[in-house]
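K.L.:
Attaching a single structure in structure tokens format; questions to follow.
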Amino acid sequence: MIKRLFVLITVGALTSTPTMGAQIYRTVDPAGNVTFTDNPPEGQASEAVKLKPMTTVSPPAVKPLPDDSEPDDSETPSQEFSYTSLQILSPEPGETIRGAGDFQVVAATDPEMRESDSARLLIDGNPFDKRQKSLSFALTNIDRGAHTLEVQVVDRKGKTLISSRVEVFVHRANLGTPRATPAN
């Protein structure tokens, strides 16, 4: 708890403009409570806190989906590109998924998916989420029962270039109904 408070106060002190060069003081009251402040309280012993330089890390750049208005050089008739296969690697066809209905759908194309194309997942014919650049989808809280999962690779305009589907079964324990007891 004290460590978390120290981190919060330190981050707050380092990120706020007026206190960038201010000193931070640590004070312990008679009950043992630790307080961090930029002004040492009168009548209490306090010690100056020496802070290490803050490490910052920039996140990687996010690649946006290509804009439909941009011409796509990879779709010129002279190149005649097509995928030879799209395979759903996980889950396997007919697999029973047990637990809370959380699982991963992973697919692969041959050749590798082009930069201009994107992937989408359909569950029982309904779109799961937006199109994405990855062939991996994290599903959570999927209802129990049989489900058809279809992965599609689509071009910029949303035209399906190749697809693959599997049927899986989600088994979730139902704790809401009492167990049937055998009759004597």
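Any read-out appearing in this document is the output of simple, stated calculations on the displayed coordinates, not a laboratory observation. Since the structure is predicted, the reported quantities are computational estimates derived from the model, not experimental observations. For neighbour counting, all protein chains shown are included, and Cβ atoms are generated from backbone atoms with ideal geometry for every residue, glycine included.
K.L.:
Please report the net charge: other residues with Cβ closer than 12 Å to the Cβ of Phe103, K and R +1, D and E -1.
P.N.:
In short, -1.
K.L.:
At 7 Å along Cα-to-Cβ for each site, give me the label-to-label distance between Arg165 and Arg98 in nm.
P.N.:
Using points 7 Å along Cα→Cβ, the separation is 2.8 nm.
K.L.:
Further question: Just to confirm a number: summing +1 for Lys and Arg and -1 for Asp and Glu over residues other than Asp29 whose beta-carbon lies under 14 angstrom from that of Asp29, what do you get?
P.N.:
Its environment carries a net charge of -1.
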